[in-house]
């Protein structure tokens, strides 16, 4: 069996390759990336593939039995939706037998520039395709929250536009779940939810940071306009501001307030807690 991983040189792609090599050392792996030499350095076959050059994907996907498509990090309005849909079409045309697409919790119809649009459109394209498919929707990266905490620690407060509960999942746990799908059977048509063990509101998150770092840390709910002004004041481009506000809207609408046992079922191990990730990254 030959398994391809798009975005192989990125953090999730690299982690998935590591999981696959540990689980099934005899499976042939192909890393697809704009920088295939980085993938080759991981000890697997590297192929050039660029979402912005669709013809390169046709060649990169040739001969694959299964494929994991990881969306790019491009925040330009509508770009990721087009990239993902085209990648799925090229994979189906190349004869890939099973396509796995990574998406976001709570995905639903939305208009540009909302980030849900960038996941909803490819999901629909995947479901309409004739090839067997699986969707792995993920909670908010725990590592991304750690980055936000690092920036917020000097001020002693983390802000959000709501106090809704959010589930956080470690990137390594998403990779392990993806690997479980890629080497397993019976996943066609499934939409899995890769989550951590619990969802936490803003106050609970802040309390965890205080517990782990020993520093006083609080939570503040702000208006959307206040949040927008803060982002713009930091010099972020308007399209990035819109993307970040889209994430805040996903939080506020409960899109990430989901907790399942899918990671443990797919990975064969329980997911890490947010506290565990915080201790690994920020523990004194």
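None of the figures in this text is laboratory data; all of them are computed from the coordinates on show. The shown structure was predicted, so the numbers you read here are calculated from the model rather than taken from an experiment. As a convention, Cβ positions derive from the backbone with ideal geometry for all residues, glycine included, and neighbour counts pool all protein chains shown.
How would you order 229-238, 256-265, 2-11 from highest to lowest mean count of nearby Cβ atoms within 10 Å?
Going by the mean number of other Cβ atoms within 10 Å, highest first, we get 2-11, 256-265, 229-238.
Taking 57, 208, 136 in turn, the Gaussian network model of the chain (Cα-Cα springs below 10 Å) assigns the largest fluctuation to 208. In terms of packing, defined here as the mean over residues of other Cβ atoms within 10 angstrom, the peptides 31-42, 170-181 line up highest first as 170-181, 31-42. For region 155-202, calculate the relative contact order in percent as a whole number, restricting contacts to Cα pairs under 8 Å that are 6 or more residues apart. Once normalised by length, the contact order is 63 percent.
Secondary structure note: in the chain, about 10% of the DSSP beta bridges are antiparallel.
Remark: region 220-284 projects, on average over all directions, an area of 6.8 nm² (convex hull of Cα atoms). The per residue volume of the convex hull around the alpha-carbon atoms of the chain is 125 Å³. Site pair residue 144 and residue 111 shows an inter-label distance of 2.3 nm when each label is modelled 7 Å from Cα along Cα→Cβ.
Convex hull volume of the Cα atoms of region 184-236, normalised per residue: 206 Å³. Computed from the mean reciprocal separation of all distinct C-alpha pairs, what Kirkwood hydrodynamic radius does region 32-122 have, in Å? After inverting the mean inverse Cα-Cα distance, the result is 13.7 Å. Modelled spin-label separation between residue 223 and residue 163, with each label point placed 7 Å from Cα along the Cα-to-Cβ direction: 1.9 nm. Taking N as the residue count of region 10-166, its C-alpha radius of gyration divided by 2.2 N^0.38 Å amounts to 1.14. Under 15 Å from a label point set 7 Å out along the Cα-to-Cβ vector of residue 213, the amide N atoms of region 140-160 belong to 143-160.
Relative protection proxy for 116-124, 15-23, from highest mean packing down: 116-124, 15-23 (other beta-carbon atoms within 10 angstrom). Approximating the spin labels as points 7 Å out from Cα along Cα→Cβ, the residue 155-to-residue 62 distance works out to 5.2 nm.
Cα centroids of region 1-73 and region 164-218: 24 Å apart. This ranking places 247, 88 by how few other beta-carbon atoms lie within 10 Å of each, fewest first, which gives 247, 88. Contact order, relative form, for the chain: 19 percent (alpha carbon pairs under 8 Å, 6 or more residues apart, mean separation divided by residue count). Contact order for region 181-284, expressed relative to its length and based on alpha carbon pairs under 8 Å spaced 6+ residues apart, stands at 45 percent.
Annotation for region 226-269 versus region 86-159: alpha-carbon center distance of 11 Å.
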